[in-house]
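First comes the structure, then the notes that go with it.
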Amino acid sequence: MEITFTPQENAFRQEVRKFARQEVTDELLHKTGGLTETHDETFYRTLAEAGYIGLQWPKEYGGQGRSHMEFVIFLEEMAYALAPLGRYGGSVIFVGESIHAYGTDWQRQHFLPGIARGEITGSLCMTEPDAGSDAAALSTRAEERDGDFYLSGQKVFISGAETSSYGMVIARTAPQTAKKSEGISIFLVDLKSPGIKILPLQTIAGWKVNHLFFDQVKVAANMLVGKKNEGWKHLVKETLNFERSGVARMGVAARLCDDLFAHIRVAQQAGEEISQSLLHQLAELKTDIESWRLMSYRIAWLQSRGEMAGPQASMVKLSSSEGLLRLADLGMDIIGHLGRVQSGTRSLAGRLEWMYRAVQFHITAGGTAEIQRNVIARLALGLPRSL
Ligand SMILES: Cc1cc2nc3c(=O)[nH]c(=O)nc-3n(C[C@H](O)[C@H](O)[C@H](O)COP(=O)(O)OP(=O)(O)OC[C@H]3O[C@@H](n4cnc5c(N)ncnc54)[C@H](O)[C@@H]3O)c2cc1C
């Protein structure tokens, strides 16, 4: 068995790496603190001009017709460079990919080129105050009247909604039955529509999430994405499966680990002593990162064949998000008091402090550590479902 990339994929990696070296400048990192979840408007436009937004879509929809593996390579390299991709996930991975996979031709033609140009942005609006881990328990309703839908309810923790043009809102189109996942549909909603109130919430990591209130918001029928009442199947099979390789998290971890090794080399040359126990912990995390990398590539490969990642995605999510937490914690011990400084530069000082708070996001978003353990227990070990 050989795990390898094609010459085209390797060439693309070099291209993206060169782009990152040129565009992810010290000045940009100073602005964003090196946090990949932040958004920078100028950088987003640069990404659009380079053709990297929706690069995996066909050329007729504004993409480059690149493969899924090339898309994964792009995400990995951008994460390693600490590029601010905050708006990218909601717009491309959630809204754009969903339209591409199960939207109508009109939706593809109307939305994808605009997303690729960076002009249309989007957010996934799924979580509710009483439906987080148990997302299918959602109660936001979409009532069909005179050929339109009317949305009422609440969504919370919605990343990017304060500036996104569209929300991909998951709502109930049929009364809840014993099987919660039935009767759910997906809508594209213009977030400037009358009846929507958006309340930004500042996170401890420094970027915003939002609480959204919908009061009889009119949504035209052509904004239903996928089949009515079958939204849950679309979400699980396509939307949430698309980027579950965890490759971005692994890119950030690899960068942090390399930066810590570089810091140690400089410190040792300056005659400083770093405890052997800290070095051993870092070496162990380096080993973990290599195993996450292989798992991430395997998941991406399964996805490129149209297969579901299954328990592997939960395994890599659990292991790498908890590992990133350990890495940030260890980094604090290695760089000492500098770790507590808020400067936000290419150096570790400032970045680590921010990372330390931001890793909480990796543990929770996309399914908490407990939920990943439940999924692994159910899918990999065959234990009974707990939700
Ligand atoms: C920074 C940030 C950004 C986010 N961005 C988005 C976004 O853009 N769009 C969106 O829709 N959502 C978003 N979310 C929401 C995120 O997906 C939810 O926070 C997550 O699914 C957990 O839901 P909850 O916070 O309601 O916690 P709860 O589900 O209430 O869980 C609370 C605790 O109970 C545990 N728990 C719950 N059920 C079980 C169980 N069956 N077994 C064991 N333990 C359990 C959980 O692990 C957790 O520790 C974001 C969240 C954060 C923090």
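Structure above, values below:
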| quantity | calculated |
| --- | --- |
| Förster radius 35 Å - calculated FRET efficiency between Glu284 and Thr6, Cβ distance, rounded to 0.05 | 0.60 |
| Square roots of 5 times each gyration tensor eigenvalue, C-alpha, segment 180-234, largest first, Å | 25, 16, 9 |
| Length released on extending from Asp333 to Lys18, taking residue separation times 0.36 nm less the Cα-Cα span | 110.2 nm |
| Cα-based helix-to-principal-axis angle, 7-23 vs the chain, degrees rounded to 10 | 80 degrees |
| In sequence order, calculated HN-Hα J values of segment 222-236 (Karplus, 6.51, -1.76, 1.60; Hz; x Gly/Pro) | 6, 9, 6, 9, x, 7, 4, 6, 10, x, 5, 4, 4, 4, 5 |
| Folded to 0 to 90 degrees: helix 247-269 orientation relative to the chain principal axis, Cα | 20 degrees |
| Max mean-square fluctuation residue, GNM over the chain, Cα-Cα springs under 10 Å, options Ala328, Ala248, Ala221 | Ala221 |
| Backbone HN-Hα couplings from phi across segment 139-152 [Karplus 6.51/-1.76/1.60, Hz, Gly and Pro as x] | 10, 4, 10, 10, 8, 8, 9, 6, x, 10, 10, 10, 9, 9 |
| Choice from Ala11, Ala81, Ala135 with maximal GNM fluctuation in the chain (Cα, 10 Å cutoff) | Ala11 |
| Cross-link pairs Lys59/Lys227; Lys197/Lys218; Lys155/Lys197 - those with Cα-Cα distance over 18 Å | Lys59/Lys227 |
| Rg/Rg_globular for segment 262-387, with Rg_globular taken as 2.2 N^0.38 Å and Rg from C-alpha atoms | 1.28 |
| Relative intensity, log₁₀ I(q)/I(0), of segment 7-84 from a Debye sum that treats every alpha carbon as a point, q = 0.19, 0.22 Å⁻¹ | -0.79, -1.02 |
| Translational diffusion of segment 123-230, µm² s⁻¹ [Kirkwood Rh, Cα pairs; Stokes-Einstein; 37 °C; 0.692 mPa s] | 237 µm²/s |
| Hydrodynamic radius (Kirkwood) for segment 92-178, which is based on Cα pairs only, to one decimal in Å | 14.2 Å |
| The chain, helix-only ellipticity at 222 nm - DSSP H runs n ≥ 4, -39,500 (n - 2.57), divided by all residues, nearest 500 | -14000 deg cm²/dmol |
| Nitroxide proxy distance, nm - points 7 Å out along Cα→Cβ at Asp130 and Arg298 | 4.1 nm |
| Convex hull of segment 196-340 built on C-alpha atoms - directionally averaged projected area, nm² | 12.3 nm² |
| Among Ser275, Ser67, Ser319: highest mean-square fluctuation, GNM of the chain, C-alpha pairs under 10 Å | Ser275 |
| Tilt relative to the chain, helix 276-304 - C-alpha long axis, 0 to 90 degrees, to 10 | 40 degrees |
| Reciprocal of mean inverse Cα separation for the chain (Kirkwood radius, Å) | 21.7 Å |
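The numbers here are math on the coordinates, done by the rules we state, and not lab data. Since we're looking at a predicted model, the values are computed, not measured. Quick reminder, even Gly has a Cβ in these numbers, built from the backbone with ideal geometry, and neighbours come from all protein chains shown.
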